[in-house]
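See structure below.
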Amino acid sequence: MARGDPTFDLFVIGGGINGCGIARDAAGRGLSVGLAEMGDLASATSSASTKLFHGGLRYLEYFEVRLVREALEERETLLKAMPHISWPMRFVLPVHRDMRFEGSTPMSKLLSTVMPWMKGRRPAWLIRAGLFLYDHLGGRKILPATKTLDLRSSPEGAPLDDRFETAFEYSDCWVEDSRLVVLNARDAEARGAEILPRTKVVSAERTDALWRIMLEDDAGRREVFARALLNAAGPWVGDVIRDTIHAESREKTRLVRGSHIVTRRLFDHEKCYFFQGRDGRIMFAIPYERDFTLIGTTDQEHTNAESPAECTEAERDYMIDFVNTYLKEPISAEDVVWSYSGVRPLYDNGASSASAATRDYTLKVEAEGGAPVLHVFGGKITTYRRLAESAMQELSPYFDGLPGAWTAGVALPGGQFPVDGVEALTSALRRDFPFLTPEWAGRLVRAYGTEAREMLGAAATKEDLGRDFGATLSEAEVAWLMDREWARRAEDIVWRRTKLGLRLDKDQVAALDAFMVARADERKLAAE
């Protein structure tokens, strides 16, 4: 964007999934859109999720039926739009007598009233009833229904302690969360939006019918104007209200830290485990990046968005102890190869505990004194597209003739192929680029979909892709990520655009970072 004083229809603060999803939706309706993110895209909450498109089975115990129905409906809508970065996954839920409700959920209170002898137990018949609703609330067409497993004779029972004999198996979906954000940003840009990573909104104030917004990046400060402002700053949504636009608001955000650990691979199949603890909490153990297992998550109060979100030793040990109650071969801290943590900006509805706080989203428009601002509180990754539609509905009175919703089923970049087409796409890529190993080709398809071919270009050999940074990361891919996906430093690539940080050593990451800095400097000099 040329420096100066351009005027946007809508300016978005925040480059997480909600901000990028709304920018894409608004740009596709013909609005001029700007988006500023103070760090890298998806550098906070949106790259630190459990990486699932799921309905939220446990939310049924809080009677959040609307949220669960919306999320269930979205799973298949999103699958069709991004089959490269999202795919169906089966979840194995062992059942046993020690299952308990967490605290005093609405369902627990109800059962305690009508069945006082239950004493907080979460019975198998109730779980099966919940899974029946789970199968039917969202109009499921692609995903298979729930079934019962005999763990004594099935592969899914092999890693588990022998005391677990029965499990329910149901469907949800995996999603590459940080790639989802970047692809939404790319599609927004393709539709005319200005995406500005590493750009901080220093201040925003109303001037008659416009917002005057002061931006700051490496080149200094500049002003832009917008007819409407959208605050999708995630954990910093309250800071934007208080310190950036100096507004009064009764709405509050509850910051909840969710931590995860990654271990060596703990089982040989591709299904996920849904474990229930004696404290009523749940824990996922998910096949991850082919050679690892992802375990999470925790729910801990996080007092300050400025405090780094880190997995504490206590959280790590809690997750290890939790899954060890299920595993035949216990794990220890030595098995953990990586951990990460993110802060969920939940809407503060006064819930008694972090895990009981609603995962639903709340949208608040303020238009007193002129140009409107919309604040986004809460939300979950599964419902980001519906949240964007709702946000545009809230803003529609301020934009005459605004077209209707359009994003349902519309493919993200690289996603123009069938839900079951990954294997065929991978085979075709290996046929046309025979130097690719199966693992390499599979990684590229899962990251870039149909665009993997464009990224590889006319390469006939591995050497044609330029420098090899290790773990199949080539100079050609790095250039693509820098030129097309706003990557600037090594961590942007190895922990967000990919997860190759699990496979590269410190020296390799340092060499990649040095290359990227030098390349960026060369291109800057050439442009001057």
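Asp218: modelled with pLDDT under 95 and farther than 19 Å from Thr362 by Cα, yes or no?
On the way: modelled with pLDDT under 95: yes; farther than 19 Å from Thr362 by Cα: yes.
Yes; evaluated as a whole, the condition is true for this residue.
How about region 216-229: which of its residues are of a type in the set (A, V, I, L, M) and part of a strand (DSSP E or B)?
First pass over region 216-229, keeping only residues of a type in the set (A, V, I, L, M): 219, 224, 226, 228-229.
Val224, Ala226, Ala228, Leu229 - these are the residues of region 216-229 that are of a type in the set (A, V, I, L, M) and part of a strand (DSSP E or B).
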Residue under evaluation Ser339, criteria (1) in contact with a Leu (Cβ under 8 Å, 6 or more places away or on another chain); (2) of a type in the set (Ser, Thr, Tyr); (3) outside any loop (DSSP other than H, G, I, E, B), criterion not met: (1)
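Among Thr199, Thr263, Thr244, which is the only one that is in contact with a helix residue (DSSP H, G or I) (Cβ under 6 Å, 6 or more places away or on another chain) and modelled with pLDDT of 95 or more? Walk me through it before giving the result.
Details: Thr199 fails: in contact with a helix residue (DSSP H, G or I) (Cβ under 6 Å, 6 or more places away or on another chain); Thr244 fails: in contact with a helix residue (DSSP H, G or I) (Cβ under 6 Å, 6 or more places away or on another chain).
Matching residue, one of Thr199, Thr263, Thr244: Thr263.
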Residue match in region 26-46 (condition: closer than 22 Å to Phe225 by Cα, open to solvent by 10 Å² or more (accessible area, probe 1.4 Å) and in a helix (DSSP H, G or I)): yes
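Please tell me if Ala441 is surrounded by fewer than 20 Cβ atoms within 10 Å (Cβ to Cβ) and either in a loop (DSSP other than H, G, I, E, B) or over 22 Å from the mean Cα position of the chain (by Cα) (or both).
On the way: surrounded by fewer than 20 Cβ atoms within 10 Å (Cβ to Cβ): no; either in a loop (DSSP other than H, G, I, E, B) or over 22 Å from the mean Cα position of the chain (by Cα) (or both): yes.
So Ala441 does not fit the description; no.
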Odd one out for Ala193, checked against (1) hydrophobic (A, V, I, L, M, F, W, C); (2) surrounded by 18 or more Cβ atoms within 10 Å (Cβ to Cβ); (3) over 17 Å from Pro413 (Cα atoms): (3)
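Only one residue in Glu306, Glu313 is more than 18 Å from Ala158 (Cα to Cα), modelled with pLDDT under 95 and either surrounded by fewer than 16 Cβ atoms within 10 Å (Cβ to Cβ) or of a type outside the set (S, T, N, Q) (or both). Which one? Spell out the reasoning first.
Working: Glu313 fails: modelled with pLDDT under 95.
When all the criteria are applied, what remains is Glu306.
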In region 47-69, residue surrounded by the most Cβ atoms within 10 Å (Cβ to Cβ) [restricted to those that are more than 27 Å from Ser341 (Cβ to Cβ) and of a type outside the set (A, V, I, L, M)]: Arg69
Residue check, Gly103 open to solvent by 50 Å² or more (accessible area, probe 1.4 Å), out of contact with any Phe, Trp or Tyr (no Cβ under 6 Å at 6 or more places or on another chain) and at pLDDT below 95: yes
Cβ pairs under 7 Å, 6+ apart, first in region 318-332 and touching a residue at least 24 places away in the same chain (Cβ under 8 Å) and part of a helix (DSSP H, G or I), second of a type in the set (A, V, I, L, M) and exposed (fewer than 14 other Cβ atoms within 10 Å of the Cβ): Ile320/Ala333
Qualifying position, being among the aromatic types (Phe, Trp, Tyr) and closer than 30 Å to Leu255 by Cα, among Tyr398, Tyr384, Tyr448: Tyr384
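Could you check how many residues of region 1-25 are among the basic types (Lys, Arg) and either closer than 25 Å to Val494 by Cβ or assigned to a helix (DSSP H, G or I) (or both)? Reasoning before the result, please.
Taking region 1-25 and keeping what is among the basic types (Lys, Arg), we get 3, 24.
Checking which are either closer than 25 Å to Val494 by Cβ or assigned to a helix (DSSP H, G or I) (or both) leaves us with 24.
Residues flagged as among the basic types (Lys, Arg) and either closer than 25 Å to Val494 by Cβ or assigned to a helix (DSSP H, G or I) (or both) within region 1-25 amount to 1.
Across region 39-63, what is the total count of residues that are at negative phi and touching a Ser or Thr at 6+ places or on another chain (Cβ under 7 Å)? Give the derivation first.
So in region 39-63, the residues at negative phi come out as 39-41, 43-50, 52-55, 57-62.
Filter once more, keeping what is touching a Ser or Thr at 6+ places or on another chain (Cβ under 7 Å): 46-48, 50, 53-54, 61-62.
Looking only at that region, the number is 8.
Quick one: would you say Pro83 is modelled with pLDDT of 70 or more, open to solvent by 40 Å² or more (accessible area, probe 1.4 Å) and within 17 Å of the chain's Cα centre (by Cα)? Lay out the reasoning, then the answer.
Numbers: modelled with pLDDT of 70 or more: yes; open to solvent by 40 Å² or more (accessible area, probe 1.4 Å): no; within 17 Å of the chain's Cα centre (by Cα): yes.
Considered against the rule, which asks whether it is modelled with pLDDT of 70 or more, open to solvent by 40 Å² or more (accessible area, probe 1.4 Å) and within 17 Å of the chain's Cα centre (by Cα), Pro83 comes out as no.
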All strands (runs of 3 or more DSSP E) inside region 161-215 with 2 or more residues being in contact (Cβ under 8 Å) with a residue 12 or more places away in the chain and of a type in the set (Val, Ile, Thr): 166-175, 200-207
Pairs where the first residue, in region 359-371, is free of Cβ contacts under 8 Å to residues at least 40 places away in the same chain and open to solvent by 40 Å² or more (accessible area, probe 1.4 Å) and the second is of a type in the set (A, V, I, L, M, F, W, C) and not in a strand (DSSP E or B), C-beta under 9 Å, 6+ apart: Val365/Leu395
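The values are calculated or read from the model by the stated rules, or taken from the named source; none is laboratory data. Note that the structure is a prediction, hence the values are computed from the model and not measured. Virtual Cβ from ideal backbone geometry, glycine too; neighbours counted across all protein chains shown. For accessibility, only protein heavy atoms count, side chains too; no ligands or nucleic acids. Shrake-Rupley method; radii C 1.70, N 1.55, O 1.52, S 1.80 Å.
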